[in-house]
Amino acid sequence: MRFGALIVAALVLAGCEAAPKKDSDKISSEAVAALTATGGAFDYRYAYKVPGNHVKAVVESHAAGCDKLGPARCRILSLRYRVDEANRIAATLTFRIDPAVARNFGEAATKVVVGASGALVETEIAGADATATARSNALVGRLREQLANAQASNDPVQQERARRLQTALDVIARIGSR
């Protein structure tokens, strides 16, 4: 049977806790309290393993659940669905959700996965500030790589792209030095 991977990520505001749904995967209440006490936003990530023929339905169910809450309480930020050369399916759904409903939403999302013969395989909670910094650093790294590739080309279009990328990196550096 083909298996797919589904990652549901939610950026949730401070004060909310998310508990994995299997006893063996529970995060201690002390750890959640420590994270909540920081007063910052949190990035909750749930990774599921789902039979390949159920991935699309699970993703659509999670998206529909978010839509049902309305844009003031839940907003889809991105959806990525990929089938690789070995016919493995991977999907990622990212959304921003009201902390007042985040825990119940996570429980409902996991029930949908279990109902589709899947399982929760990983839960990660990180401070959004640290996550945002890591994402910013990754973005700058990708821009520098694209700049190097564009500069290596003799194509005028790529040379113009290199100039735009350099300008963007210069602006980022000025903002970062403030």
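Every read-out reported here was derived from the displayed coordinates using simple, explicitly stated rules and does not represent laboratory data. None of these values were measured; they are calculated from a predicted model. In this analysis, Cβ positions are derived from the backbone assuming ideal geometry, glycine residues included, and neighbour counts consider all displayed protein chains.
Give me log10 I(q)/I(0) at q = 0.19, 0.21, 0.28 Å⁻¹ for region 68-127, Debye formula, one equal scatterer per alpha-carbon, no solvent. Log10 of I(q)/I(0), two decimals: -0.92, -1.08, -1.32.
Across region 44-172, Cα-Cα distances exceeding 17 Å account for 68% of all pairs.
The length gained on full extension between Asp98 and Leu77, counted as 0.36 nm times the residue separation minus their Cα-Cα distance, comes to 6.2 nm. Each residue, Gln159 and Glu124, gets one label point 7 Å from its Cα in the Cβ direction; the gap between the two is 4.2 nm.
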